[in-house]
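Take a look at the structure set out below.
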Amino acid sequence: MPPRAIVKFGSTSAILLVAEHLQHPTVYQQELIDVFSPGGPEALIKVAQSWREDLRRRGIEALAAGGEAIRRNAGLEARLRALFPHWWHLTGDVEGRLAWIAVKAADSLVDGVVDIGGGSTEIITADGTWSFSIGAARFTETHVSWPPLTDIVHPAFIGGTAVSLARWAGRDRLTLREVRAMQQALQADPQQFREWSPLRRRILPQGLAILAQVLEHGGWPTFTVSTRGLTEGLWLAASLGRVHPS
């Protein structure tokens with residue numbers, strides 16, 4: 001299989017992945033950029049230009065796609081599409097399905113995936129996807145009308161908030177207790193997070209608030225955290241020829 005290159009532009013992170021086999025990427029780069037901030041779009045374009053030149057030197061064409069912040073900014077999406085003509089305009093539903101495929105490929109036991117991104121949150125099961133225009137970078141609501149989740153027994157949370165929580169707790173199977181503990185630690189002892197990026201520290205409280213809300217609504221005693229998500233789902237779709245560029 002030839003190398004597959006994926007460029008994912010999320011609301012708060014951009015990822016470049018090049019891999020012949022998903023478990024052993026040859027290139028994995030991530031840049032944390034808040035696209036909703038005033039200087040965010042231009043910062044993202046600079047990263048995109050750098051990655052495009054790097055891929056050209058390697059002779060690799062990339063499949064590129066964007067998340068919620070890109071969908072809501074037609075001008076920015078057009079500029080990114082000009083840099084990466086092999087562009088897939090994703091809806092929230094398709095974004096959710098791709099993340100579902102990636103997580104299920106790694107853990108077949110999972111029967112529900114909660115993707116908390118910077119600009120949107122998706123809840124995905126085998127039967128459907130619910131997409132909410134709230135995320136770690138923009139969450140001001142105190143209550144969200146989440147769908148019924150009682151049929152989910154083995155939930156997996158993905159996205160920067162969940163991965164940061166698992167990293168802080170030192171394990172990938174967690175409970176609401178660890179979520180509350182990290183929320184308290186961010187308030188009581190922010191110095192322990194000083195080596196984390198300023199953007200990650202700024203959006204973590206909102207991301208954890210969403211995570212806690214969904215967790216309480218689902219009534220799940222435990223949940224797992226997966227490092228897979230949309231980027232890996234795009235790679236799998238490209239490898240299988242299931243890509244619908246636009």
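Any chance you could give the angle, 0 to 90 degrees and rounded to 10, that helix 176-188 forms with the longest Cα principal axis of the chain?
Approximately 80 degrees, to the nearest 10.
Quick check on the stretch 8-91: of the DSSP beta bridges with both residues there, what percent are antiparallel, nearest 5%?
65 percent
Separation between the A74 and A126 pseudo-spin-labels, each 7 Å from Cα along Cα→Cβ, expressed in nm?
It is 4.0 nm.
At 0.36 nm per residue, and after removing the present C-alpha to C-alpha distance, how many nm does the segment from T227 to S50 gain when stretched out fully?
Roughly 61.2 nm would be gained on extension.
At 0.36 nm per residue, minus the direct Cα-Cα distance, what do D107 and W196 gain on full extension? Give it in nm, one decimal, please.
Length difference between fully extended and current span is 29.2 nm.
At a threshold of 8 angstrom on Cα-Cα distance, excluding pairs fewer than six apart, so keeping six or more, what relative contact order does the stretch 101-225 reach in percent?
In percent, rounded to a whole number, it is 31.
Please report the antiparallel percentage of the DSSP beta bridges confined to the stretch 101-225, to the nearest 5.
65 percent
Using only Cα atoms, tell me the angle between helix 74-83 and the longest principal axis of the chain; keep it within 0 to 90° and round to the nearest 10.
That works out to roughly 50 degrees.
Name all residues of the stretch 64-105 having a backbone nitrogen under 13 Å from the label point set 7 Å from the Cα of R242 along its Cα→Cβ direction, giving them as ranges.
Once the point is set 7 Å along Cα→Cβ of R242, 94-105 turn out to lie under 13 Å by backbone N, inside the stretch 64-105.
If you count, for each residue, the other Cβ atoms within 10 Å and average over each peptide, how do 115-122, 236-243, 98-105, 144-151 line up from highest to lowest?
Most protected by this proxy first, the peptides run 115-122, 98-105, 236-243, 144-151.
Show me 78-85, 194-201 ranked by packing, highest mean number of other Cβ atoms within 10 Å first.
With the highest mean Cβ count within 10 Å placed first, the list reads 78-85, 194-201.
Here are several values of log10 I(q)/I(0) by the Debye sum over Cα atoms at q = 0.07, 0.08, 0.11, 0.15 Å⁻¹: [x] -0.29, -0.37, -0.63, -1.13; [y] -0.22, -0.29, -0.55, -1.04; [z] -0.31, -0.41, -0.74, -1.20. Which one was derived from the coordinates shown?
So the calculated entry is the one marked [y].
Taking the 0 to 90 degree range and rounding to the nearest ten, how far is the long axis of helix 40-58 tilted relative to the main principal axis of the chain, both from C-alpha atoms?
It works out to around 50 degrees.
Sequence gap at least 6, Cα distance under 8 Å: using those rules, report the relative contact order of the chain to the nearest whole percent.
22 percent
Residue separation times 0.36 nm, minus the C-alpha to C-alpha distance between L186 and T140: what's the value?
14.7 nm
Ranking request for peptides 7-14, 55-62, 133-140: highest mean number of other beta-carbon atoms within 10 Å first, then the rest in descending order.
Top of the packing list down: 7-14, 133-140, 55-62.
Sticking with the crude label model, points 7 Å out along Cα→Cβ, report the distance from H24 to A212 in nm, one decimal please.
Each label point is offset 7 Å from its Cα along the Cβ direction, giving 4.3 nm.
Assuming 0.890 mPa s and 25 °C, estimate D for the stretch 101-225 with Stokes-Einstein, Rh taken as the Kirkwood radius over Cα pairs, in µm²/s.
Value of D from the Cα-based Kirkwood radius: 167 µm²/s.
Each reported figure results from applying straightforward, stated rules to the coordinates on display, with no laboratory input. None of the values given here were measured: they were computed from a predicted structure. Backbone-built Cβ (ideal geometry, glycine too); neighbour counts: all protein chains shown.
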